[in-house]
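The values are calculated or read from the model by the stated rules, or taken from the named source; none is laboratory data. Being a predicted model, the structure only gives us computed values, none of them experimental. Don't worry about glycine lacking a Cβ; one is built from the backbone with ideal geometry, like all the others, and counts go over all protein chains shown. When the accessible area is computed, the model is the full protein with side chains, heavy atoms only, and any ligands, DNA or RNA have been set aside. Shrake-Rupley method; radii C 1.70, N 1.55, O 1.52, S 1.80 Å.
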Amino acid sequence: MADPKPTDGAPPSHVHIEKGKPVNWLAWLALLLGLLALAYALLRHRGDETTTTTTTTATPAAPTTSAADGTTVAATTTASVGALGAYLAGSEAAPRTFAFDAMHFATASSELTPADRATVEEVAGVLGKYPTAKVKIVGYADARGTSAANVKLGQDRADAVKTALGAKNVDGGRVATGSGGDADPVDTNATAGGQAENRRTELVVVSR
C-alpha cells in the first residue's frame, strides 16, 4: 500500500528533521566582556605612557604705577588679604601694592560698606603681626566727574580706610594716604561694572 502523500508544506514522514541547538548567549556575552576589558587595558596602558610636559614661566617683574601725587610704586594686584600676610612674612623687597575684592565704594561716596569694614579688620589683623611695616593707602575713583573732584574723592576714600584702621589699633604713624583720582583705571569706564572696579582702594607696603 502506497504511503499517503504529505500535505502541502509538510515534509515526508520518512524525513527526519533535527531541531536547531539553542544559542549559548552566556558564552557570547563573556567573550564580548573580555574584548571590552582588553580594549580598556590597552587604552589605560597607552595613557600611562603619555608624558606630561610642564612649562615653567618666570614671573615677570611687577609693573609700576603712579598715583596722582607723583608716588611711584610697584603694582601687584591680588584679591586676598592672606597674600598680604604671606608677603610680609617673606623677604621680597618693598614696595608692593595690594588691591582687594572688597574696598570698592558707592558712586561719589567715601563711606565704607560692611564688606569694606570686614576687609579693614582683616588688614588690621595682618598689620598687627608686623609692627615695623609701613603702608600707604591709595584711593581711586571712576572717570565720571572732573579730575579735580575725583582726586579729592580718592583722597577721602583713602582717609576713610586709614581712620578705620586706626579704630582697629593700627598706629596712624604707620599709615600714609594718597589719591590716584581717576588715573590708572583697571577696567573700562564705559560700563557700570567697570566703573565699580575703578572705585577701588589699594594698600602699598612702603617698607617692612
Worksheet item: Taking GLY166, is it small (Gly, Ala, Ser) and at positive phi?
Response: no
Worksheet item: So, in region 60-89, of the ones that are aliphatic (A, V, I, L, M), in contact with a Lys or Arg (Cβ under 8 Å, 6 or more places away or on another chain) and not in a strand (DSSP E or B), which residue ends up modelled with the highest pLDDT?
Response: LEU88
Worksheet item: in a loop (DSSP other than H, G, I, E, B), modelled with pLDDT of 80 or more, farther than 24 Å from LEU165 by Cα and among the small types (Gly, Ala, Ser) - does that describe any residue in region 90-102?
Response: yes
Practice prompt. Six or more apart or on different chains, Cβ under 8 Å: which pairs go from a residue in region 108-127 that's open to solvent by 30 Å² or more (accessible area, probe 1.4 Å) to one that's of a type outside the set (Asp, Glu) and not in a loop (DSSP other than H, G, I, E, B)? Could you list them?
Written response: ALA108/LEU153; SER110/GLY139; SER110/LEU153; SER110/ARG157; SER110/ALA160; GLU111/ALA160; ARG117/ALA164; GLU122/VAL81
Item to complete: Pick out the one residue from ALA183, ALA196, ALA164, ALA160 that is aliphatic (A, V, I, L, M), touching a His at 6+ places or on another chain (Cβ under 9 Å) and touching a residue at least 40 places away in the same chain (Cβ under 8 Å).
Response: ALA196
Item to complete: Starting from residues that are part of a loop (DSSP other than H, G, I, E, B) and open to solvent by less than 30 Å² (accessible area, probe 1.4 Å), keep the ones in region 158-208 and report whichever is farthest from PHE100 (Cα to Cα).
Response: VAL170
Discussion item. Please count how many residues of region 138-157 are among the small types (Gly, Ala, Ser), crowded, with 17+ Cβ neighbours inside 10 Å and in a helix (DSSP H, G or I).
Written reply: 1
Discussion item. Of everything in region 162-208, what is among the hydrophobic types (A, V, I, L, M, F, W, C) and closer than 20 Å to ALA106 by Cα? Give them in sequence order.
Written reply: ALA164, LEU165, ALA183, VAL186, ALA190, ALA192, ALA196, LEU203
